[in-house]
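This report concerns only the one structure given below.
The values are calculated or read from the model by the stated rules, or taken from the named source; none is laboratory data. Computed from a predicted structure; not experimentally measured. Heads up, the Cβs are rebuilt from the backbone with ideal geometry, glycines too, and the neighbour counts pull from every protein chain shown. The area values use the complete protein model at the heavy-atom level, side chains included, leaving out ligands, DNA and RNA. Shrake-Rupley method; radii C 1.70, N 1.55, O 1.52, S 1.80 Å.
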Number of protein chains: 2
Amino acid sequence: MTTPYLRARRAELLRDYRDGLLHDVAPFWLRHGLDREHGGILTALGRRGELLDTDKSVWFQGRAGWTYATLYATVERRPEWLAAALSCVRFLRDHCAAPDGKLYFSVTREGRPLRMRRYVFSESFAAIAYAAVHRATGEAEWRDRALAAFATYLRHEREPGRIAPKVDPATRPARGLAPVMILLVTAQDLRDCLGDAVVGGRTLTDWAALACDEIVGLFCKPELRAVLEQVGPGGEVYDHFDGRLLNPGHAIEAAWFLLREARRRGDRGLARTALDMLDWMWERGWDREHGGLLYFVDLLGKPVQEYWHFMKFWWPHNEAIIATLMAHAHSGEERYAAMHRAVHDWAHAHFPDREHGEWFGYLDREGRVTTELKGNLWKGPFHLPRQQLVCWNVLEGRY
Amino acid sequence: MTTPYLRARRAELLRDYRDGLLHDVAPFWLRHGLDREHGGILTALGRRGELLDTDKSVWFQGRAGWTYATLYATVERRPEWLAAALSCVRFLRDHCAAPDGKLYFSVTREGRPLRMRRYVFSESFAAIAYAAVHRATGEAEWRDRALAAFATYLRHEREPGRIAPKVDPATRPARGLAPVMILLVTAQDLRDCLGDAVVGGRTLTDWAALACDEIVGLFCKPELRAVLEQVGPGGEVYDHFDGRLLNPGHAIEAAWFLLREARRRGDRGLARTALDMLDWMWERGWDREHGGLLYFVDLLGKPVQEYWHFMKFWWPHNEAIIATLMAHAHSGEERYAAMHRAVHDWAHAHFPDREHGEWFGYLDREGRVTTELKGNLWKGPFHLPRQQLVCWNVLEGRY
């Protein structure tokens, strides 16, 4: 729906979202990050886009592939976007898999293996890249690869014991929010590109439903007004540092994944839960003193173990800008407009580099830039351009 | 030697070191951390010493055991110090080893396994604890356990392939400073307690010499005026984030380990290298704008990948207080007095909790406390009481 808030800010928000995406963020990574020699994308860039490290993030071969293929398929058929997406997925296909098929976490510029990690987020990001390239090109190879990568993700994440847990499960069995959220958004993104395919014995819609059920059933605690990051196998709250650790930006990201699913199936109860998640985690994460979202807080207000908990990172703000805008557009409720104004304005006052483009990633609590990095193994063309694209779509009623 | 600086500040420094140790830091952890129910020590404490998490750090069973046994053996035969040390080493012995003998990283309060990690620092800290308890008690069991734990450390750290490296060694073979530094200080501490025993075919003095040779030969770069944290197997500088990463407090800690060894063997060349290491890393790490030591800096002044690089942690300041005091007392050079004054005064102006005792651990760049934590898996009775004890000894000419 449109609202007085959306009407009043529409032009300004389109400038930040649509124009920021098309004229700043998408070109920044094409200009500075695309590896025209070896293929794929380099993300370790300094303020002016200068290359700081030639090692490649495997996550970002998938994430950038998704971003540019989605721009090509849903915004405009610009050849440079398709070329970038193809460069990333071909680099993934040709250089990022170990002999057993599992994807590395990082490789050299030429594609030689550096790090393998236990978990399978490289696979989930590869799956959405392959799927988006299939949507862009119609080529069957990328559809097959997308489904295979998602099947690998499912095999590792859903079969107990496939990934050795950090903490001995005989002493303290645990479930984490992150893999369930990634299950949800990967199933959603694949469905957008491939239709409601069947993988691992379930449709993508059924995988999304399972993930929603687990998020609501295990991690959402209405009585505590919190979304937990780690619980016991039955949703038990562990009164330890890790069990009390809240990541407001992460839970707010989960909220808009759920809201998107709730809108698709017309589930008003699930939509209300998604809005509640946003409400709870906004209350806990918004820094009333300095503005912005704190990275970590403790469920009981105790000190957290992570010593950089007070920092303001770019991506929780991207996720909160999406979630608050979508919550307001969906519900028309004024308080989500107020939240959106707060987080949009704080983020745009502190993160963008007005001189050299794109956003800084890491601010201190007061909002001062602590490093000139534009990218690294974790920051590249994903959270910010996704936020710009999704928010532009929300403003146009496409969500 | 004594110097005008040391004479002028002696009373004040003794108050901070000797009295701080005896009347504040040592009692703080006995009062709040010692687990009178299950044995060992709890380090996850809040500002007032309240327990935030019952999980136990295996590192700290060894580190606290070393601290209290060393106090008992070298300061005064206080029964509560021996009891604390014995509680820690018995907890280590009875609850912290996996079936294959390798030590965990963390266990529950009762001693059930939580996390196993690849590396063997739990073993090195256990070794110094057992050795110090042997010195305190004369009991043969603890000598045997100390040598066995050190042998385990050596087996994992010195035999290639025993610990799977993070980065594929076929692509980028690497050596880290940390395990070599720990080899040096563990050999030194064991020798203090057990005499010059033979382990793994070498005397402790020979292990210390080997570690000194590797630190000087591989990690010290006079032409760059830097001590690196990670190099290639022949000391190659890797022009990547990890290869350029400097940890000034860590390298300054290595400097005083080397100076101690140089003084023992009357090696003026090694002593000069140790002082050079301090000079280089002080230049790189001291924050001329806000004071204190930055946690990470880049060899070439580029942005570092670790986003909390600008923070001021307690332990680099402990190590720099030792290194600068020892460098000044050893050499009589004025510039080390100036460095000592700078780091001692900045640290004592910002870290101590004047109301509830002990030190805060984590400050922002301006020196403001970012968390009220007094301890966690990495902070407990070790760096601060060791600094107080070593500096007290330096003031008394015992070093």
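Net charge in the neighbourhood of B:Ala271 (other residues with Cβ under 14 Å of its Cβ; Lys, Arg +1, Asp, Glu -1) is +1. Shown is the FRET efficiency for B:Arg288 and B:Asp213, computed with R0 = 41 Å from the Cβ-Cβ distance and rounded to the nearest 0.05: 0.75. In this structure, the residue pairs whose Cα-Cα separation is over 22 Å, taken from A:Lys312/B:Lys56; A:Lys312/A:Lys374; A:Lys56/A:Lys374; B:Lys221/B:Lys302, are A:Lys312/B:Lys56.
Taking A:Ser124, A:Ser331 and ordering them by how much accessible surface each has at a 1.4 Å probe, largest first, produces A:Ser331, A:Ser124.
Counting charges near A:Leu384 (Lys, Arg +1; Asp, Glu -1) among other residues having Cβ under 14 Å from its Cβ returns a value of -2.
Of interest is the spacing of the C-alpha centroids, which for segment B:110-174 and segment A:93-135 amounts to 34 Å. Segment B:281-301 and segment A:1-52 have their alpha-carbon centroids 33 Å apart. With label points set 7 Å from Cα along Cα→Cβ, the inter-copy distances at A:Lys221 are 4.7 nm, sorted shortest first. Computed over chain B, the alpha-carbon pair-distance distribution with 20 angstrom bins reads 28, 63, 9, each value a whole percent.
Once C-alpha pairs closer than 8 Å and six or more residues apart are averaged by separation and normalised to the residue number of chain B, the relative contact order reads 18 percent.
As an equivalent ellipsoid, segment B:299-379 spans semi-axes of 24, 19, 11 angstrom, where each value is the square root of five times an eigenvalue of the C-alpha gyration tensor, largest first. With Cα atoms as the point set, the radius of gyration and Dmax of segment A:248-399 evaluate to 15.2, 45 Å.
Specify the residue with the greatest mean-square fluctuation among B:His317, B:His383, B:His240, computed from a Gaussian network of chain B linking alpha-carbon atoms under 10 Å apart. Judging by the Gaussian network model, the answer is B:His240. Placing a label point 7 Å from Cα along the Cα-to-Cβ axis, A:Arg264 is separated from the same position in the other copies by 6.5 nm, shortest listed first.
Using a cutoff of 8 angstrom between alpha carbon atoms and counting only pairs six or more residues apart, the relative contact order for segment B:35-164 works out to 25 percent. Each part reduced to its alpha carbon centroid, segment A:328-386 and segment A:184-237 end up 26 Å apart. Of the accessible area of segment A:22-66, with the probe set at 1.4 angstrom, what percent is carbon plus sulfur? With neighbouring chains kept in place, the figure for segment A:22-66 is 48 percent. Note on chain A: with a GNM built from Cα contacts shorter than 10 Å, the maximum mean-square fluctuation among A:Ala148, A:Ala187, A:Ala170 falls on A:Ala170.
Averaging the sequence gap over all C-alpha pairs within less than 8 Å and six or more residues apart, then dividing by the number of residues, gives segment A:261-336 a relative contact order of 19 percent. Counting 0.36 nm for each residue step from A:Arg112 to A:Glu50 and taking away their Cα separation leaves a gain of 20.1 nm. Site pair A:Arg31 and A:Glu396 shows an inter-label distance of 2.4 nm when each label is modelled 7 Å from Cα along Cα→Cβ. Only protein heavy atoms count here; on that basis, with a 1.4 Å probe, B:Lys302 has an accessible area of about 70 Å².
Association of chains B and A removes close to 3500 square angstrom of accessible area from solvent, both sides included, for a probe radius of 1.4 Å. Karplus-derived 3J(HN,Hα) values for segment B:383-399, using 6.51 cos²θ - 1.76 cosθ + 1.60 with θ = phi - 60°, are 4, 5, x, 5, 4, 4, 5, 5, 5, 4, 4, 4, 4, 8, x, 9, 7 Hz; glycine and proline are entered as x. With the whole protein complex present, A:Thr70 retains an accessible surface near 10 Å², based on a 1.4 Å probe.
Within a straight-line Cα-Cα reach of under 13 Å, B:Lys166 can be paired with the following aspartates and glutamates, leaving aside sequence neighbours fewer than 8 residues apart in one chain: B:Asp242. In the assembled protein chains, B:Val198 presents an accessible area of approximately 100 Å² (probe radius 1.4 Å).
With Rh defined as the Kirkwood radius, the inverse of the mean 1/r over Cα pairs, the Rg/Rh of segment A:35-164 is 0.98. Distances between copies at B:Gly49, taken between label points 7 Å from Cα along the C-beta direction, are 5.9 nm in increasing order.
Largest first, the extents of the alpha carbon coordinates of the protein assembly as shown on the three principal axes equal 77, 54, 49 Å. Taking the axis that rotates chain B onto chain A, the chain B residue nearest to it by Cβ, with the distance rounded to whole Å, is B:Trp308, 2. Using the Karplus relation 6.51 cos²θ - 1.76 cosθ + 1.60 with θ = phi - 60°, the per-residue 3J(HN,Hα) values for segment A:283-292 come to 3, 7, x, 6, 7, 5, 7, 10, x, x Hz, with x marking Gly and Pro. Spin-label model, B:Asp353/B:Asp196: points 7 Å from Cα along the beta carbon direction are separated by 4.5 nm. For B:Arg162 and A:Glu76, a Förster radius of 56 Å and the Cβ-Cβ distance give a FRET efficiency of 0.55, rounded to the nearest 0.05.
Give the ranking of A:Asp24, B:Asp213 by solvent-accessible surface, highest area first, calculated with a 1.4 Å probe.
From most accessible down to least: B:Asp213, A:Asp24.
Computed on segment B:1-93, the Cα convex hull volume stands at 121 Å³ per residue.
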